[in-house]
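Asker: Please read through the structure below; I'll follow up with questions.
Computed from the coordinates by the stated procedures, all read-outs in this text should not be read as laboratory data. Since the structure is predicted, the reported quantities are computational estimates derived from the model, not experimental observations. As a convention, Cβ positions derive from the backbone with ideal geometry for all residues, glycine included, and neighbour counts pool all protein chains shown.
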Amino acid sequence: MLSKKYHTREKRVKYFNYVKTFLNDLEENAYLEPTKIINMNGKVLFDGFTIHKDIYLEKQIRSD
């Protein structure tokens, strides 16, 4: 479990600003790529989408 120090308001604001800047700087032709992050044991840690392998999403933006 993550420590309480990880979920501070300052860190959430900093991460929000990082994501906002990243999305604002994307080129118009950027797209989502389906991706899976697999650990060394072959277990799928993440199954979703990525934007330039910098931002990982569990689902497409504006989808159910």
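Asker: What is the range 4-57 by shape, rounded, prolate or oblate, if you read a ≥ b ≥ c off the alpha carbon gyration tensor as root eigenvalues and call it rounded for a/c under 1.5, prolate for a/b larger than b/c, and oblate otherwise?
Answerer: Because a/c hits 1.5 or more and a/b fails to exceed b/c, the range 4-57 counts as oblate.
Asker: Using mean Cβ contacts within 10 Å as the protection proxy, how do 45-57, 7-19 order, highest first?
Answerer: Final packing ranking: 45-57, 7-19.
Asker: For every other residue with a beta carbon closer than 13 angstrom to the beta carbon of residue 16, add +1 if it is Lys or Arg and -1 if Asp or Glu, then tell me the sum.
Answerer: Neighbour charge sum, excluding residue 16 itself: +4.
Asker: Let me ask you something else. Give, rounded to the nearest 20 debye, the magnitude of the charge dipole that the range 4-57 has about its Cα centre when Lys and Arg contribute +1 at Cβ and Asp and Glu contribute -1 at Cβ.
Answerer: Its charge dipole is roughly 620 debye.
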